[in-house]
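Written out below as structure tokens is the structure these notes cover.
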Amino acid sequence: MPIAEGTPTYPGAEALYFGTVPADVKLPPGRYTALADLSYKDVKLQGKKKFTLLPDGQIQMSPIK
């Protein structure tokens, strides 16, 4: 899914970026890992974050370590 451009994120740091999951994507409740590959000019960043999709549709993020 496309992610809106935001403030810079530097190596070793974390930042929040937002996007909209397409309406045709339906995930059943469970545990997932979101993977991100971001790039700007010659800088490439990769990250991942675990989350749980609850039966009521809410998302519960795993604590930051």
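Derivation of every value follows stated rules applied to the coordinates shown; laboratory data play no part. Model, not experiment: these values are computed from the prediction. Note that each Cβ is placed from the backbone with ideal geometry, even for glycine, and that neighbours are counted across all protein chains shown.
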Gyration tensor verdict on region 17-65 (Cα atoms; rounded if a/c is under 1.5, prolate if a/b is larger than b/c, oblate otherwise): oblate
Residue by residue through region 49-59, which ³J(HN,Hα) values in whole Hz follow from phi under the Karplus form 6.51 cos²θ - 1.76 cosθ + 1.60 (θ = phi - 60°), with glycine and proline marked x? 8, 8, 8, 10, 8, 7, x, 7, x, 6, 10
Assigned charges on the beta-carbon of Lys, Arg, Asp, Glu; the chain dipole about Cα centre (debye): 260 debye
Can you give the relative contact order of the chain as a percent, counting alpha carbon pairs under 8 Å and 6+ residues apart? 23 percent
